[in-house]
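The values are calculated or read from the model by the stated rules, or taken from the named source; none is laboratory data. Treat the numbers as computed from the prediction; the structure is a model and nothing was measured. Please note: Cβ atoms are built from the backbone with ideal geometry, for glycine as well, and neighbour counts cover all protein chains shown. What goes into the accessible areas is simple: the full protein's heavy atoms, side chains included, and nothing from ligands, DNA or RNA. Shrake-Rupley method; radii C 1.70, N 1.55, O 1.52, S 1.80 Å.
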Amino acid sequence: MKKQFISLCMAWWAVTGWASPHTFQVSSPDRNYVFTFTQEEPEGKTRMYYTLSYKGKEIVHRSELGVEIENKLLESALGIENDACRNWRDNLTFIGADSASHDGTWQPLYGERKEIPDRYRSLQIKFRKGEAPASEMTGGYDRSRTYFMNVEVRAYNEGVAFRYHFPATSNGLFLHITDELTEFAMPEGTMAWHEPWAQAPVSLLPLEGWEGESERPLTMKLGNGLTVSLGEARMVDYVRTKFALASGKAHTLKTSMYDCADIITPYDTPWRVIMAAERPVDLIAHNFIYLNLNEPNVLQGDLSWIRPGKTFRSGLSQKEALAAVDFAAERGLQYIHLDAGWYGPEMKMESDATRISESKDLDIKAICDYASTKGIGVWLYVNQRALVQQIDRLLPLYKEWGIKGIKFGFVQVGNQFWTIWLHKAVRQCADYGIMVDIHDEYRPTGVSRTLPHLMTQEGIAGNETMPDARHNTILPFTRFLCGPADYTPCYFNARVKNTHAHQLAMPVVYYSPVTFLYWYDTPSLYQGEKELEFWKNVPTTWDETYPIDGEPGEYIAMARRSGEKWFVGVMNGLEARKLSLSTEFLQRGKRYMVTLYEDDPHLDTRTKVAIKQKVIKGGQILNIQLQASGGTAMEIKEAHRE
């Protein structure tokens, strides 16, 4: 790993001759992205703007940067003269700029890749608001009206990210951020895959006439053929933001804060992330930018208790739980899960998650003991109402019972208080060797790099809502860009709208280190279906990920490697199609045995999944026929000559 500071005269970023007080540029190491910052003087007030281009095409037009801060009351209380500017963002004084480069790699505890490149060029532009810091104290206090704010930019080959950094001050002023002004002025004709909330259906809309906001990440199709995605990384102590249409500005999005944020310097806002690609699947190939923008793993000591795997939801009786353990062991799963209701009505504050409901025939410690003899772990569901009141009592108790993971239910997301509480609660679980799955409206921002026992999270319209194949083939290009999702794939449930081969491919296409399979199913529904050997064999974490091809809402083909085996998942949308899939991810010319699991409506079986085998050579094209709402799953290993 190396980190190098570079002078302002370097070619990859420079002060240019634009008619503005200050202009700076930074480009990605491969020079495909170029981020240009300007401080300009519209109507006599200096304000900050940026543009972004990718491979010579401008993907974000001139857009505003900055925040609004309302601190006049605190300034008055501390005897500090108020700012005369109506808007805090106006007339920031430029005080310097730094640049740097970083070229390294790191290995996650688990993930979609065994090794992750971390290579970028950075730019930090520094500003002061108000007067210079006082050289002498007044009555023992610095009473200068002084604030500092830096714009930090990182340009990776995978995308560009920027944030606002507030260096420490000596005057004791807190900062009350009332608005984030970050805008994204998109080219005319841009269409967005709009999601009004985290578990919402997705609609393809122009950047006009929206009601409310859209979730992060927000993926868009530009008129020039590029696909662009906007996201957020390292959101651990701020407020939730989404994207809203900017008032009075055509084709422009604005960062929309859930509420105000109160901060103490030094402080960093979350990163705003922009990715672009000529092929939509290249966004998936570059999704590790979210992890790179977070801090390294902070957990110490033996981390063998962090164990990815597949999970089966049990019924809430002792008999059902023990049967679930046996089913999990037989079907190659690693965990069972006791869901909502085991300790009482979860939505009532008086429900006690230290005690099993009297209406339930459950002995959780006995279940854990039995499960451990089979190599199976146990997860528990706990609603946030119990966690917020009892977490200090629950964690040592659950460790004593032998619980391996907790699913946080109905978490409150949005304001700064609950953001901080949630991530603190996740950290507390690590002290007891307990993994976490966060459910409902929470969406990841790469924090699992820092806290790798945060295994997955919901924030998705998954099989609990039984979406159609169009929705399912949009998700890899939107929700899954920012991190794992607990989609809870079903297999036997009659409400599923897609074919069994479509469902079979999900654990490959949809990344989740802890994957809940057979949602809404029971052990008795399994009748020896041979294709379910694929779910038995498929892992949940990977050494290599290779998105083959896809279009949002149409189809997605994904290849992933674990050890010497490759697994391929193909999910189709609402129209039947024939695909010619490249196998460039395999060693060219080498012989491989491919086991295919395909839809066959003519089979006289209830799931109608055919199993075939063929030998191919690496690099060969695979032609597959997909039913409407169908799919294909493949297991590929080296073919040995007899």
Please give the contour-minus-distance gain from Asp30 to Arg62: 0.36 nm per residue of separation, less the Cα-Cα distance, rounded to one decimal in nm. 9.2 nm
Suppose R0 equals 35 Å; then what is the FRET efficiency for Val388 and Asp363 from their Cβ-Cβ distance, rounded to the nearest 0.05? 0.85
For the chain, accessible area per residue (1.4 Å probe, heavy atoms of protein chains only), Å²: 39
Taking alpha-carbon centroids only, region 69-90 lies from region 332-400 a number of Å equal to 50
If Glu400, Glu188, Glu68, Glu115 are ordered by their accessible area, calculated over protein heavy atoms with a 1.4 Å probe, which sequence runs from highest to lowest? Glu188, Glu400, Glu115, Glu68
Nothing charged except the Cβ atoms of Lys and Arg (+1) and of Asp and Glu (-1): what's the magnitude of the dipole of the chain about its Cα centre? Round to the nearest 20 debye. 1480
Place +1 on the Cβ of every Lys and Arg and -1 on the Cβ of every Asp and Glu in the chain, take the dipole about the Cα centre, and give the residue among Thr23, Gln625, Asn498 whose Cα lies farthest towards its positive end. Gln625
Run the reach check for Lys221 against lysines, Cα to Cα strictly under 20 Å, same-chain hits fewer than 8 apart removed. What comes back? Lys55, Lys57, Lys242, Lys249, Lys254
Can you bin region 555-608 into rounded, prolate or oblate? Criterion: square roots of the alpha carbon gyration tensor eigenvalues sorted a ≥ b ≥ c, rounded for a/c under 1.5, prolate for a/b above b/c, oblate for the rest. prolate
Test of understanding: what is the full-extension gain from Asn157 to Glu115, defined as 0.36 nm times their sequence separation minus their Cα-Cα distance? 13.5 nm
Report the residues of region 395-436 in range of a label on Asp237: point 7 Å along Cα→C-beta, backbone N strictly under 16 Å from it. 416-428
For the pair Thr465/Trp401, report the inter-label distance in nm, with labels modelled 7 Å from Cα in the Cβ direction. 3.0
Starting from the Cα gyration tensor of region 497-642, take the square roots of the eigenvalues, sort them a ≥ b ≥ c, and report rounded, prolate or oblate (rounded when a/c is under 1.5, otherwise prolate if a/b is larger than b/c, else oblate). rounded
Sorted by packing (mean other beta-carbon atoms within 10 Å per residue), highest first, where do 448-461, 158-171, 593-606 land? 448-461, 158-171, 593-606
Using 12 Å as the cut-off for backbone N distance, which residues of region 34-57 belong to the label zone defined by a point 7 Å from the Cα of Lys249 along Cα→Cβ? 48-51
Calculated FRET value between Lys45 and Asn82, using beta carbons and R₀ = 22 Å, to 0.05: 0.80
Cα-based Rg/(2.2 N^0.38 Å) for the chain, rounded to two decimals, is 1.02
For Lys614, go through the lysines and keep the ones whose alpha-carbon is under 17 Å away, minus same-chain ones fewer than eight residues off. Lys565, Lys590, Lys637
Using the Cα centre of region 296-352 as the reference point, and only Cβ charges (+1 on K/R, -1 on D/E), how large is the resulting charge dipole? Debye, rounded to the nearest 20. 220
Crossing angle, helix 416-430 versus the chain [Cα axis fit, 0-90 degrees, rounded to tens]: 50
Measuring from the longest principal axis of the C-alpha atoms of the chain, the long axis of helix 384-401 (C-alpha) lies at a number of degrees, nearest 10, equal to 50
Report, ordered by chain and residue number, the lysines lying within cross-link reach of Lys365, taken as a straight Cα distance under 29 Å and ignoring same-chain residues fewer than 8 apart. Lys310, Lys319, Lys348, Lys374, Lys399, Lys404, Lys407, Lys424, Lys536
Might you report the magnitude of the Cβ-based charge dipole of region 519-590 about its Cα centre, with Lys and Arg at +1 and Asp and Glu at -1, to the nearest 20 debye? 280
Which is farthest toward the positive dipole end of the chain among Met235, Phe480, Gln412, measuring Cα position about the Cα centre, with Cβ charges +1 (Lys, Arg) and -1 (Asp, Glu)? Phe480
Taking the dipole about the Cα centre of the chain, with the C-beta of Lys and Arg at +1 and of Asp and Glu at -1, give me whichever of Phe162, Leu303, Gly569 is farthest to the positive side. Gly569
